[in-house]
Every structure is written in structure tokens, then in C-alpha cells.
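Here's the structure we're looking at; comments come further down.
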Protein chains: 2
Amino acid sequence: MEKLPKLYVETTQEECVKDGKTLAECVVIMGNVEVWLKENEELPDFIDPSRAKFLKREVYDRFYLYVDRTEQKMTADVILVLPDGRTRIYLKKGDELMILPVEGFTKTLIANVGNRVRTGDAFAAVTTRKGEVHYLKPPKTGTVVFIDEITNRPHYLYYILPEE
Amino acid sequence: MEKLPKLYVETTQEECVKDGKTLAECVVIMGNVEVWLKENEELPDFIDPSRAKFLKREVYDRFYLYVDRTEQKMTADVILVLPDGRTRIYLKKGDELMILPVEGFTKTLIANVGNRVRTGDAFAAVTTRKGEVHYLKPPKTGTVVFIDEITNRPHYLYYILPEE
């Protein structure tokens, strides 16, 4: 099984820090400064909590909770760290996502989280009962940030961050 | 034409900062703290230059200068910020890269910088004089970090960061 990305989601100071120490893995952003803290580490003195944003480690599978599916927009700032540990994706509240369903008799996922998919590239393929293959391509070029597996139809939802 | 990624490369303190102000766009990393500075901004007091790393904005096309092609390894720490402005790739000195040539009568680039290419995916295609098409696939899954265009054969070199 592939390793999962790490997810950090904007939260309140109280959820991240108590008595000057972190309650969980947190990323603190204040202007152009970023501090990556593990659990039970001290919040540096130069951080003014009233001016800082706090992002707390969250279970990756819960990413969809921070997306408004009707508006297709992020409802919070999040950071994704891909399994290579070297790639970070910064999403901001209000960012538009393309949410694209994968539905068919058989479904083959092609693109993975972190993949950049261009309008000419298929991110998934579906086969109908008659054996016709359809390749699914995104309306805009973007990066896959989440793939939701749901038990009802349409089975899979791709969350793709379009390039502006 | 597609926008280019931004490149930051490890350098000395003197190259980045003079009289407490930045000489160019710089990223300063001290332990778990990162500071992203524009030109002519003040280095924050909490940065101890003797413990910090300084990465300076560099022309993206010069990425290859920081790679040892024989050893296929990075010779400096670098950060790439992809054209979406939301994705950062952190490369460390000593990181192994796959450097893969694209050589043929006609050459078609498929994967772009930032693309994750799996062992089953073609990153480029070449056609021989006889009209045979060959798809080029990487020996390991990885992310394309640079594509070098050179005037002599083999014409293009893909620099791919493999996933460990």
C-alpha cells in the first residue's frame, strides 16, 4: 500500500498550543515565517499568537471535511506533505477545486495524489457494461490533491487544484 | 509559453544579507523555522546566522549547475516553487536524481516539471527514422524537477527525483 500524504489544517491557537507547548504536530505561520513543530515542542518566543495562523496535523482521509462540495472551494487553509516528504502543497481557504467523479462498471484510477494532470491527460478510465472504455480528462490542468472513495455512486471523487 | 518554476539555492550568508537586509529574494532556514524574504527586507532578530541556512533566488534554467551529472546527485540544497505558486519541492545536497536522456529522430515531451511519473508512465516519446515509436519510462517512480534542453545529443535530459 502506498504511504499517505500528511495533512495540516488551520485551527485555533488553543487546539495547537497549551502552556507554550504544542499539543500535536503543528505548523505555525506568521507573515513570511513558518515554524514546523512536533508534539510537545515549545512555541518560539518570536511568534505572536494573535498574528499567527495555526495548522494542526489531521488524518489525511478527513481532507474532504475541509472542502465545500457544493461551492467546490476550500473552507480552510491546509498544507499537504506528499509521501516523498519533499513536496508540499499549500491550499488556501476559498481556493477553487475541481471535484470530478469516476463512475462506471469498472473503474481504473490513473493519476495519484500529487500528480499534475493536463487537459489532455486521463486521470482515470471507466468501462461500461458493453465494454466501452472512456478516459476521463480534467477541464483544466491541475494537481490531484485528494481522491475520495465513497461507498455509494459515483465511487470515486477526484479533487484537483486547477492552475490559475 | 508556460511560466517557469522559481528556484532557490543554498549559498552563503554574505550572498543573501548585508547590513541586516536581504540583497535578493532569499529563504532562510534555521532548524524547524523557515523565513521567506523578498529583496531589501530585514533579517528577523530571531535568526542566528551561524546556525541558519541561506537559499538565494537563482535563474531556474541554471538548476543543472547544482547537480553532479556523473554521480547523479544534488550538490546543494534547493527549493523549487512550481508555477502554481502552491507547490514546493525541497531537494537536499546528496539527493539522488535519475537523469534520463530523450534522444531520437523526433522527440515528444510528455511529462512536465512537477509531474509525478510512475514506472508504467511514459515521460517522453521518441520516433526513429523508420517511424517506430518508443515510449520512455523511468526505472523508478519519481517527480520531474528539471528538463534540460541541450544543443548536442541527446537533446533533452529529464531530472527526476525518485521516491524512496
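Just so you know, all these numbers are worked out from the coordinates, no wet-lab data involved. From a predicted model like this one, the values you see are computed outputs, not experimental measurements. Because the Cβ atoms are built from the backbone with ideal geometry, glycine has one as well, and the counts that use them run over all protein chains shown.
Taking a straight Cα-Cα cut-off under 21 Å and skipping sequence neighbours fewer than 8 places away in the same chain, the lysines within cross-link reach of residue A:140 are A:73, A:92, A:93, B:3.
Under a cut-off of 18 Å between alpha-carbon atoms, report the aspartates and glutamates in cross-link reach of residue B:38, not counting same-chain residues fewer than 8 places apart. Within the straight-line cut-off, residue B:38 pairs with A:34, B:10, B:14, B:15, B:19, B:25, B:58.
Among B:75, B:143, B:128, determine the one that fluctuates most according to a GNM of chain B built with springs between C-alpha atoms less than 10 Å apart. Highest fluctuation among the options: B:128. Exposure proxy ranking for A:56, A:18, based on other Cβ atoms within 10 angstrom of each Cβ and starting from the fewest, stands as A:18, A:56. Summary for residue B:129: label point 7 Å along Cα→Cβ; distances to the equivalent points in the other copies, ascending, 5.5 nm. When the alpha carbon gyration tensor of the protein assembly as shown is reduced to an equivalent ellipsoid, its three semi-axes come out at 35, 29, 15 angstrom, largest first.
In this assembly of identical copies, the label point of residue A:48 (Cα plus 7 Å along Cα-to-Cβ) is separated from its counterparts by 2.4 nm, sorted shortest first. Cα centroids of the stretch A:44-63 and the stretch A:132-157: 30 Å apart.
Please work out, to two decimal places, the log10 of the ratio I(q)/I(0) at q = 0.18, 0.22 Å⁻¹ from a Debye calculation in which every Cα of the stretch A:98-162 carries one identical scatterer. For the stretch A:98-162 at q = 0.18, 0.22 Å⁻¹, log10 I(q)/I(0) is -0.58, -0.84. In chain B, the convex hull through the Cα atoms has an average projected area of 11.2 nm², a quarter of its surface area.
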